Each structure stands twice: as structure tokens, then as C-alpha cells.
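Please read the structure below before turning to the comments.
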Amino acid sequence: IQKHVDLHAKHPLKAEHFDRWVLLFQETVDELFDGEKARDAKFRAFAIAETWKPKFDGPFAAKT
């Protein structure tokens, strides 16, 4: 996580960055895979982004 905090200090991460990452990830999965595992991977990516977004608006933001 420290690498993400360091990156955030140099180039603040915003909700739009996480949203873009999810979009690109889901598009890539759709192009290359299908089925239950692909759906699970896309859901996990979405869940990760939704978990991380508030962290960069909260405690990490105060360190920049």
C-alpha cells in the first residue's frame, strides 16, 4: 500500500482514476474471457476500486 500512498503524494489519485481503471479492466476481460470467472474478476475489480476510492479522499489525502 505504501507505493500507492507515495504515488498519491506525487500525483493525487481521484475517483475518476479508479473509475477509468475499472472500465479498462472490464473491457479487457470482456475482450479476452467469458463465463463465471470473468464475471467474478470484473466484480472484484469493481469492489477493489470502491474500497480504495474513499481511502484516497480520507487518511491518505491528509498526508499530501
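A few points about this structure:
- Pick from the range 35-55, criterion assigned to a helix (DSSP H, G or I) and small (Gly, Ala, Ser), ranking: nearest to residue 13 (Cα to Cα): 49
- The residues in the range 1-38 that are surrounded by fewer than 14 Cβ atoms within 10 Å (Cβ to Cβ), over 11 Å from the mean Cα position of the chain (by Cα) and modelled with pLDDT of 95 or more can be counted, and the count is 10.
- Taking the criterion of being under 17 Å from residue 57 (Cβ atoms) and assigned to a helix (DSSP H, G or I), the residues of the range 11-34 that qualify are 15, 16, 17, 18, 19, 20, 21, 22.
The values are calculated or read from the model by the stated rules, or taken from the named source; none is laboratory data. For clarity, every value in this text was computed on a predicted model and none was experimentally measured. Every residue, glycine as well, gets a Cβ built from its backbone with ideal geometry; the counts of neighbours run over all protein chains shown.
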